[in-house]
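The values are calculated or read from the model by the stated rules, or taken from the named source; none is laboratory data. All values derive from a computational prediction rather than experimental measurement. When we count neighbours, we look across all protein chains shown, and the Cβ atoms used for this are built from the backbone with ideal geometry, even at glycine.
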Amino acid sequence: MPVLNRIADYATDMTAWRRHLHQHPETRFDCHATAAFITQRLREFGITEIHEGIAQSGLVAIIEGQGAGPTIGLRADIDALPIGEETGLPHASTVSGKMHACGHDGHTTMLLGAARYLAETRNFSGRVALIFQPAEEWGGGAGVMVDEGVMERFDIAQVFALHNAPGVPFGRFEGRAGPLMAAVDTLTVHVTGRGGHGAHPEETIDPIAAIVQMVGALQTIVSRNRRGTDALVISVTQIHTGVADNIIPETGWFCATIRSYDPAVRDLAEVRCRAIVAGVAAAMDVQVEVIYERSYPATVNHPRETEFAFEIAREVGASAGECDPVMGAEDFSYMLERRPGAYLFLGQGEGAGLHHPRYDFNDAVAPVGASWFARLVERAQPRA
């Protein structure tokens, strides 16, 4: 596997950086200590143009190449998850209830490794914008950075990112042109009826009966309202109501996650969810409050940039190939809406899955990802 030799020399340092980050996780937009650690490393590499405080705790660092040229963006997410760690490792999280259960500590380390190499060699034209982004797991930090103008402010022409993939063979890159990850929306429905004694249901307006009807009817959207070739998932994930076995409650609520790729299918799902809830409410004589929240859009890779990303992956990885789209979501989608680019998965071998309390990033794969980032720059913007 032709990892860049200079980056391979950083392997011990990269492991130390990653394990430090793993021990000190921060969540959402509150990643200030993480950002300070990143900034300290970048300054040690001789990178002086560092713009801090973007999306609260995000930052963008600029490396100047040799000669005029465009700016290529490389992004790493830096936030952790509100999960208690169960690995028992020496470098386990020191913060109760928080851990890097998705490998963002590894993503940050890979981009730091590439930054060190690029700052040393400068074997490219134009500029590199290193984007360290908070709040991928919650809050859409990428969207906030885009709204704060990072693409225009730093004149970014194209943008790339990686995500580690447990269960995929070590060093294998996977992805696809077009939709790779889903858009995610959340439906929350509050139902109000009239409570009473369970022995006298005729004197009540039962919100539980209405919720049951709504949950069942929502499944017909997937089975009867969209074409079989249009991907759509509607999963009811919470139902909350009632306090005792002999009382019909007055209120209850439920929520669902809705995943899709096509904007038209996304619109259809919202229209039908609202119509079904309203129709059942009228039939069951209950009052409803419907909250339909649109979150991350679908992650859609651009064809030319995806093929280029695969070319580089084949240079530095064990192999590269197309994968099926997945119904998980990723806020890098906001950056891909504004600029051409690609997002790939990097296999790290066997181990606990993402968002699992026993997950840990495989440090051995960090030089592979760092080499991919570095070669993207050198190949996309060769020195004159």
### Enumerated strands (runs of 3 or more DSSP E) restricted to segment 30-111, each holding at least 1 residues that are of a type in the set (Asp, Glu), in the same structural domain as Asp13 (by TED's automatic domain parsing) and surrounded by fewer than 20 Cβ atoms within 10 Å (Cβ to Cβ)
49-54, 58-64
#### Entry: Of all residues in segment 1-29 being among the aromatic types (Phe, Trp, Tyr) and under 20 Å from Glu120 (Cα atoms), the one that is surrounded by the fewest Cβ atoms within 10 Å (Cβ to Cβ)
Tyr10
### Task
State whether one or more residues within segment 59-68 are over 24 Å from Ala384 (Cα atoms) and either of a type in the set (S, T, N, Q) or under 25 Å from the mean Cα position of the chain (by Cα) (or both).
yes
### Task
Inspect all residues belonging to segment 209-230 and state whether any of them is closer than 27 Å to Met145 by Cα and touching a Lys or Arg at 6+ places or on another chain (Cβ under 6 Å).
no
### Message
I'd like the full set of residues that are over 21 Å from Ala298 (Cβ atoms), surrounded by fewer than 16 Cβ atoms within 10 Å (Cβ to Cβ) and of a type in the set (S, T, N, Q), limited to segment 217-250.
### Response
Gln219, Thr220, Ser223, Gln238, Asn246
### Cβ pairs under 7 Å, 6+ apart, first in segment 331-359 and closer than 30 Å to Asp155 by Cβ, second of a type in the set (Asp, Glu) and crowded, with 24+ Cβ neighbours inside 10 Å
Asp331/Glu136
### Query
Take the residues of segment 225-243 that are over 25 Å from His197 (Cα atoms) and of a type in the set (Ser, Thr, Tyr): which is farthest from the chain's Cα centre (by Cα)?
Thr229
#### Entry: Inter-residue pairs, beta-carbon under 7 Å, first over 29 Å from Cys323 (Cα atoms) and in segment 287-308, second basic (Lys, Arg), 6+ apart
Val290/Arg274; Tyr292/Arg274
